Amino acid sequence: MTQWKYICKLEDIPVLGARRVTRAQGLEVAVFRTATDEVFALLDRCPHKGGPLSQGIVFGKSVACPLHNWTIGLCDGQAAAPDEGCTPSFQVKLEDGAVYLDADELAHRALTETRPLAGPALRAAVA
C-alpha cells in the first residue's frame, strides 16, 4: 500500500509553475501545476543537459527546459520529438486541495542522477 507524504497546498504552487521538494538524498523533485490545476512531479533535471525543470515554462501538460527549450511531458517525463530522453516521474496525489507524493519514491527513486558541473564548480572540481 502506498504511503503518501504531504508536500503542500495546491495554492502554494503557482498556476503554470512549480515548487521544488528537497530530499534527504538525490536531486530535488519538481511539482508542477497546470492551468487546469492538474499536478505532476518530475525529477528537477532535464534529460538533455540537466537544466532545472522547475524554472521552466509550463504549458498544457508540458514544461520547456529553461536552458535549451526542450519540451518535457509532465505525465511521463519524456522529451518531445525530435529530442530524445526521459527524466524520472513521481506519483502525485491531489486530495482536498493538498498535494502528496509517494513517500517510497521520494526516498528511493533516481538517487544516482546528478546535475552536470559548469562554471566555477567545474573549474574547482578539475583543479
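Hey, among L10, L27, which residue is surrounded by 13 or more Cβ atoms within 10 Å (Cβ to Cβ) and under 15 Å from R115 (Cβ atoms)? Reasoning before the result, please.
Values: L10 fails: under 15 Å from R115 (Cβ atoms).
Of the residues listed, the single one that is surrounded by 13 or more Cβ atoms within 10 Å (Cβ to Cβ) and under 15 Å from R115 (Cβ atoms) is L27.
Can you pull out the residues in segment 36-47 that are touching a helix residue (DSSP H, G or I) at 6+ places or on another chain (Cβ under 8 Å) and open to solvent by 30 Å² or more (accessible area, probe 1.4 Å)?
Scanning segment 36-47 gives D37, R45.
So in segment 48-65, with the set limited to residues that are in contact with a Gly (Cβ under 7 Å, 6 or more places away or on another chain) and within 22 Å of T36 (Cα to Cα), which one is surrounded by the most Cβ atoms within 10 Å (Cβ to Cβ)? Before the answer, list the steps.
Within segment 48-65, the first condition is being in contact with a Gly (Cβ under 7 Å, 6 or more places away or on another chain), and the residues that meet it are 48, 58, 61-65.
Next, only the ones that are within 22 Å of T36 (Cα to Cα) stay: 58, 61-65.
Details: V58: 23, K61: 15, S62: 20, V63: 29, A64: 18, C65: 24.
Ranking the candidates gives V63 first.
Here is a list: R33, R20. Which entry is modelled with pLDDT of 95 or more and surrounded by 22 or more Cβ atoms within 10 Å (Cβ to Cβ)? Can you show your working first?
Numbers: R20 fails: surrounded by 22 or more Cβ atoms within 10 Å (Cβ to Cβ).
One residue alone meets the criteria, R33.
Being open to solvent by 50 Å² or more (accessible area, probe 1.4 Å) and part of a loop (DSSP other than H, G, I, E, B) is the filter here; which residues of segment 84-110 pass it?
Within segment 84-110, E84, Q91, D96, R109 meet the criteria.
The values are calculated or read from the model by the stated rules, or taken from the named source; none is laboratory data. Bear in mind the structure is a predicted one, so any value in this text is a computation, not a measurement. When we count neighbours, we look across all protein chains shown, and the Cβ atoms used for this are built from the backbone with ideal geometry, even at glycine. Accessible surface areas use protein heavy atoms only, side chains included; no ligands, DNA or RNA. Shrake-Rupley method; radii C 1.70, N 1.55, O 1.52, S 1.80 Å.
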